[in-house]
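A.B. asks: Sharing a structure here in structure tokens format.
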Amino acid sequence: MTLPFSDRFRSVLTSAQRVVAFTGAGISAESGVPTFRGDDGIWKKMRPEELASMNGFMKNPALVWEWYQYRRTIIGKVQPNAGHRALVAMESVFPSMAIITQNVDNLHRRAGSTLVYELHGNIERNYCITCGATYRDVEVHPRSRSPVCSSCGGLIRPDVVWFGEMLPEDQWEAAVRATESADLFFSIGTSAVVYPAASLPLVGKRAGAFLVEINPEPTPLTDSVDEFLQGLAGMILPAVLEVARQVRRENFA
Ligand code: BV8
């Protein structure tokens with residue numbers, strides 16, 4: 001697939017040294033994982049505050065567990081797609097490549113990406129809200145409110161960041177450092193509305209990165225980017241990879 005990339009973008013692909021790919025639910029859509037806010041979005045039916053907040057969890061832990069088990073079932077059946085795989089291949093094209101993801105589906109790691117910062121946690125991990133004991137797989141019994149901790153009897157919750165909760169400090173600080181030193185920053189498959197994660201693209205641009213957005217539709221970020229590649233990540237990222245290999249081969253031949 002040949003795309004009309006601008007000369008500026010081609011020149012940046014030729015010289016880029018430190019690349020960041022900031023991703024949202026859209027990069028997993030072609031794997032079959034529903035997004036949050038799209039037409040098929042999982043938040044079309046339920047209010048996010050009910051499902052992705054501590055208040056919502058304490059009010060109805062069974063409903064929140066039902067939602068996360070539903071998402072775990074979907075994620076357990078899907079595979080990384082061509083978009084995830086192109087980002088893995090870019091690790092051998094650019095000297096430094098970091099993934100900063102808002103996704104909790106672990107698909108970047110399963111695809112083989114080696115440097116992944118998870119800003120909103122990981123759906124494969126759980127912990128006890130009382131003693132902090134961590135759990136991988138938990139059994140959710142239909143009639144129980146929530147799985148409970150075998151050590152202290154506290155409620156177990158998914159290890160994801162809910163609304164009103166701080167992002168994991170180590171992941172956030174490392175993501176900001178990578179963003180501030182990037183010379184090429186991709187914002188891929190995100191509606192760019194959830195903060196503080198959504199502040200990263202402009203932090204990168206202000207620090208000097210060439211800012212590229214990949215999305216089938218415009219977002220609040222689109223007017224500020226240097227290159228808007230309108231389309232599906234699974235189509236566009238392999239094309240970006242191909243052009244990057246070609247221009248760097250020509251340039252370093
Ligand atoms: C916090 C749980 C601080 C995990 C989620 C300003 C500063 C700081 C905070 C705020 C602020 N303003 C408001 C806030 C509060 C809030 C917030 O941002 N609210 C928004 C909605 C207004 N932020 C928070 O609460 C954060 N915490 O700030 O704490 C604090 C705390 C205490 C005291 C003081 C301060 C926590 C945010 C994390 C919330 N957790 N989910 C889970 O279950 O997954 S949010 C949820 O949205 C997911 O995590 C998801 O990752 C995130 C972003 O969504 P997207 O990934 O962008 O997905 P979406 O469906 O929206 O868009 C998909 C896009 O893909 C679309 O554009 C579509 O066109 C595109 N697409 C579709 N198909 C494709 C595609 N693109 C490419 N290819 C395709 N094939």
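A.B. asks: Working from the alpha-carbon coordinates of region 2-76, get Rg over Rh, Rh being the Kirkwood radius. Don't jump to the answer; show the numbers that get you there.
C.D. replies: Working: Rg = 18.5 Å, Rh = 15.5 Å.
Ratio of gyration radius to Kirkwood radius for region 2-76: 1.20.
A.B. asks: If you roll a 1.4 Å probe over the heavy atoms of the protein chains, what accessible area per residue do you get for region 1-147, in Å²?
C.D. replies: Details: 7200 Å² over 147 residues.
Accessible area per residue, region 1-147: 49 Å².
A.B. asks: So, in the chain, how many Lys pairs have Cα atoms under 27 Å apart, if the pair is 8 or more places apart or on different chains? Don't jump to the answer; show the numbers that get you there.
C.D. replies: On the way: K44/K59; K44/K77; K45/K59; K45/K77.
Taking the chain as the scope, the lysine pair count is 4.
A.B. asks: Still on this model: Measure nothing fancy, just the Cα-based angle from helix 233-252's long axis to the longest principal axis of the chain, in degrees from 0 to 90, nearest 10.
C.D. replies: Relative to the chain, helix 233-252 is tipped by roughly 40 degrees.
A.B. asks: Over the chain, with a Gaussian network built from C-alpha contacts below 10 Å, which listed residue (P80, P147, P95) shows the highest mean-square fluctuation?
C.D. replies: Result for the chain, Cα springs under 10 Å: P95 fluctuates most.
A.B. asks: Another question, then. Using a probe of 1.4 angstrom, how much of the accessible area of the chain is carbon and sulfur, in percent? Before the final figure, lay out each step's value.
C.D. replies: Numbers: 6280 of 12070 Å².
The nonpolar share, carbon plus sulfur, comes to 52 percent.
A.B. asks: Can you tell me what the convex hull of the Cα atoms of region 203-253 projects to on average, as an area in nm²? Intermediate values should be presented prior to the final figure.
C.D. replies: Numbers: hull surface 17.0 nm².
Hull-based average projected area comes out at 4.2 nm².
A.B. asks: Using a Gaussian network model of the chain whose springs link C-alpha atoms within less than 10 Å, name the residue from N122, N103, N60 with the highest mean-square fluctuation.
C.D. replies: Fluctuation is largest for N60.
A.B. asks: Can I ask one more? Per residue, how much space in cubic angstrom lies within the convex hull of the C-alpha atoms of region 126-193?
C.D. replies: Numbers: hull volume 10.4 nm³, N = 68.
Roughly 153 Å³ of hull volume per residue.
A.B. asks: For the chain, would you read off the P(r) tail past 30 Å as a percentage of all alpha carbon pairs? List each step's numbers first, then the result.
C.D. replies: Values: 9138 of 31878 pairs.
Roughly 29 percent, rounded to a whole number.
A.B. asks: Next question. Percent of alpha carbon pairs in region 44-153 separated by more than 23 Å? Please report the intermediate quantities before stating the final value.
C.D. replies: Details: 2385 of 5995 pairs.
For region 44-153, the fraction of Cα-Cα distances above 23 Å is 40 percent.
A.B. asks: Related question: Once both axes come from the Cα atoms, what is the angle between helix 61-77 and the longest principal axis of the chain, in degrees from 0 to 90, rounded to 10?
C.D. replies: Long axis of 61-77 versus the principal axis of the chain: about 40 degrees.
A.B. asks: On to the next question. Can you run phi through the Karplus equation (6.51, -1.76, 1.60; θ = phi - 60°) for region 206-211 and list ³J(HN,Hα) in whole Hz, with x for Gly and Pro?
C.D. replies: 5, 7, x, 6, 7, 9
A.B. asks: Rounded to two decimals, what is Rg over Rh for region 101-237 when you use alpha-carbon atoms and the Kirkwood radius? Please report the intermediate quantities before stating the final value.
C.D. replies: On the way: Rg = 17.9 Å, Rh = 16.9 Å.
Dividing the radius of gyration by the Kirkwood radius yields 1.06.
A.B. asks: Next up: Over the chain, what is the mean sequence separation of C-alpha contacts under 8 Å (at least six apart), divided by residue count, expressed as relative contact order in percent?
C.D. replies: On the way: 443 pairs, mean separation 63.1, N = 253.
Reported relative contact order: 25 percent.
The values are calculated or read from the model by the stated rules, or taken from the named source; none is laboratory data. In this text, all values refer to a predicted model and were calculated from it rather than measured experimentally. The accessibility values were calculated without ligands, DNA or RNA, using every heavy atom of the protein model including side chains. Shrake-Rupley method; radii C 1.70, N 1.55, O 1.52, S 1.80 Å.
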